[in-house]
Structures are given as C-alpha cells and as structure tokens.
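S.K.: Take a look at this one; I'll ask things after.
The values are calculated or read from the model by the stated rules, or taken from the named source; none is laboratory data. Please read these numbers as outputs of a predicted model, since none were measured by experiment. Glycine also receives a Cβ, built like all others from the backbone with ideal geometry; neighbour counts cover every protein chain displayed.
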Amino acid sequence: MHTIAVAPWSAARTDALPLAGQRVGLATPLGARGGDGIGYVAGLLDRAITELSGAPPRLIELGPKAGSLTSRGRFAAGIAAWQLSRRADWVLYNHVGLARAHGLVPRALALPYAVFVHGKEIWDAPLDASRRRALVDARLLVTNSQFTARKLREACPSAPLGVACPLALSEADAPGHEMSGEDRATLARCGAGYALIVGRLSSGERYKGHDQLIEAWPRVRARVPGARLVVAGGGDDLDRLRAKARAAGLAGEILFPGRVNDALLEGLFANARAFVMPSTGEGFGLVYLEAMRQALPCVGGTDDAAGEVIVDGSTGWLAPQRDIAQLANRVASLLENAELARSMGEAGRRRFERDFTFPQFRARIAAALTPVFGSRGRD
C-alpha cells in the first residue's frame, strides 16, 4: 500500500495560516530535539506547528530522567497547570503514555487534545486502562502510517479513527558532516558495494531482521561471492549477533562497526549498494527515508509499514522476514546488479523528494489538525 501524496501547503500571508492564533501545547518525552525516532517527530511537530500557527508551541517535556517520580510529577503538574490556567487552546501529545496526565484535570475543565501515535506503544503489549482512556478521550489521533492506524483500530476500537500522517526528513539534517580520521578508517574497513542495515541492537527488540539477514547470508554469498553485510548500531544484543556471524563462518563477511555517529553513518550510506531491513515492527521507518535520500534501494518487510515507504519493484523490494530464501534472493539481486540498484535507488530518491520532505509533512499535519482545531481561538 502506497502513501497518498499531499500537495505541499504554503501560505503567502500570515492571516492564511490554517492554525493562526492558536496557542498549542506540545508534550513530548524528549523535547523538540530528542535523539530517537519519537524525539525526531517532536522536532517535526514543533516546526510544523510554528509555521502553521505563526508562533512556536508551548513545549513541555518528560525529561531524560523519565523514570523518576520527580520528573513524572513535574510533568503531570505542568500539564494540569496548562489546562487550568488556559495557557494553551489545546494540547498535542507526542506519545499516548504522556496523554494519561491529561486526565488529572476534571473533564469540564480539560482542554481538547490530540495524540500522535508511533506504533510500538500500542501493539507491544495490551493497552492498560489509563492508555485506553487517553486514546478514547482524545479529540484527534494522528498516526505515522496507515499501518499504525489499522493497528490502533484493532487495539482500541472505541477510540477515534487514526488519521495517517506519514513522516519526513528535515532538510536541516541533510548529509554534510565531516568525518574524523577514525571514522574514515572504519569506513575503509567496510569497503564499498555492501548491504547495510542500521538500527539499535537490543535484546528486547529483535524484530528488525538482523538474525534473518545473518541466516540468509550464505545464500546471498552463493550468488554473489564476496558479498558483505554491514550492521551499524550498538546495544546489548551486539555481542550475540557477532557470535552468531562467527559461528556461521561469516566473521569476515558480516561487519559490525558498532554505534556510529552522524558523519560515519552518512559515509556508510554513501558507500553501500543497498539498504536492507526486513523488519516486522516498524510503525513507519525513518531510516528507509535516510537511505532513499542518498539514492539507495531498500529491502523491507511485508508485515509492517515498510510497504507505505518502499514501492515494491520500483524503489526496492519487500520480502517476508521469515522467508529466508526470498529475502536472500531480493538482497542478492541488488548486490549482483549495480545498474538495477542504481535505477531503484534513483527512483527512491525521486519518491523521497516528492513525498517525504518537510513541506509534505507540514501539509499532511495541517490537513489532520485544521478541521479539528483550526477554528479554536478565532471564534
């Protein structure tokens, strides 16, 4: 299923801003410049609301010490204060867990609110009563993909229908970092023309396809002698995956540079032949966009939102994670055919530029928010 493209929104006059005059509260786990996917979305939302309303949102975050009672208490108190003092017209929560704090204020005094739903927070475990209530009471639920919207409907049928708002990359994060000498040495060890997977290597998140790629690699090498896989990322599962590659006799063909900085990651994308992440749990998959921006074809899974980003047979391939033979075939087809990889990569870059840059995200979030909140504060 492909994402529906929305024509870029732009406003020549301030009074044409669809959320003009709105005082928006943005609540997020990591603030507007967080280090993971949820934090990145916070930055997109912050900028989009600023440009759509003419003023930055009032930001409140659950800080890095999120497990402490003090941090949670201050966050909850801030949410309550927002509502009781009417310092915002409505609130946008960048995680359903945070929206639970909204219920601290009696319904008669509570502000209307929306929740941005990322995926894993609704399908990793059954929803508890407080999260279910936070979803049901929301005026609007925005999801990062149609896949997440469907999973949300399955998890909480009584909640409002989710409105899909596919993500994007900001032009401010385009490649251009300077590599250190150590980065260049690591990149040289990896070589060029390899398959690349990027992601956290966590024992609690073994859904991205690392194990299946290792299992598929002997088949890939049977078709493409010397084929290499570069596994970028750190985490508590790194040693296990390295040991698995060694046990399979693939220590020289599957390389683990560990956690990488932005500069080295750009270099790894630039030197790769294809990006491969046959995941089963992506609510969207921002890393596919990073690869497409650098004209890399992508191999994704068939059981999550990858099909809304990757156009099967055009910008890359989709393969069931559990089908090792098909996965190996899809990866090998790109490693053995540079022209096919180049053609698919260029198609992916065109798709990225057409559908997944910030103006497209801004248009989509405006289309979601304006019908619900656009008239508030101007009545």
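S.K.: Of the residues in the stretch 182-240, how many are closer than 13 Å to residue 327 by Cβ and of a type in the set (Val, Ile, Thr)?
M.R.: The qualifying residues number 3.
S.K.: Exactly one of (1) surrounded by 18 or more Cβ atoms within 10 Å (Cβ to Cβ); (2) assigned to a helix (DSSP H, G or I) is unmet by residue 142. Its number?
M.R.: (2)
S.K.: Which one of the conditions (1) crowded, with 24+ Cβ neighbours inside 10 Å; (2) touching a residue at least 40 places away in the same chain (Cβ under 8 Å) does residue 374 fail to meet, given that it meets all the rest?
M.R.: With respect to (1) crowded, with 24+ Cβ neighbours inside 10 Å; (2) touching a residue at least 40 places away in the same chain (Cβ under 8 Å), residue 374 is out only on (1).
S.K.: Let me ask something else. Can you tell me which residue is nearest to the chain's Cα centre (by Cα) among those in the stretch 86-117 that are of a type outside the set (A, V, I, L, M, F, W, C) and farther than 22 Å from residue 56 by Cβ?
M.R.: 97
S.K.: A further question on this structure: Taking the stated definitions as given, is residue 154 touching a residue at least 40 places away in the same chain (Cβ under 8 Å), more than 20 Å from residue 368 (Cβ to Cβ) and among the acidic types (Asp, Glu)?
M.R.: no
S.K.: Something else now. Quick one: in the stretch 255-282, of everything that is touching a Phe, Trp or Tyr at 6+ places or on another chain (Cβ under 7 Å) and not in a strand (DSSP E or B), which residue is nearest to residue 348 (Cα to Cα)?
M.R.: Selected residue: 279.
S.K.: Turning to a different aspect of this structure: Would you confirm, using the coordinates I've provided, whether residue 350 is in the same structural domain as residue 196 (by TED's automatic domain parsing), part of a helix (DSSP H, G or I), farther than 17 Å from residue 195 by Cα and modelled with pLDDT of 95 or more?
M.R.: For residue 350, the condition - in the same structural domain as residue 196 (by TED's automatic domain parsing), part of a helix (DSSP H, G or I), farther than 17 Å from residue 195 by Cα and modelled with pLDDT of 95 or more - is met.
S.K.: Related question: Consider residue 282 carefully, then state whether it is in contact with a Ser or Thr (Cβ under 7 Å, 6 or more places away or on another chain), in the same structural domain as residue 226 (by TED's automatic domain parsing) and over 23 Å from residue 176 (Cβ atoms).
M.R.: It is false that residue 282 is in contact with a Ser or Thr (Cβ under 7 Å, 6 or more places away or on another chain), in the same structural domain as residue 226 (by TED's automatic domain parsing) and over 23 Å from residue 176 (Cβ atoms).
S.K.: Let me confirm something: among 87, 100, which residue is in a loop (DSSP other than H, G, I, E, B), under 30 Å from residue 21 (Cα atoms), in contact (Cβ under 8 Å) with a residue 24 or more places away in the chain and of a type in the set (D, E, K, R)?
M.R.: 87
S.K.: Name every residue in the stretch 327-345 that is part of a helix (DSSP H, G or I) and either among the charged types (D, E, K, R) or in contact with a His (Cβ under 9 Å, 6 or more places away or on another chain) (or both), in order of residue number.
M.R.: 330, 339, 342
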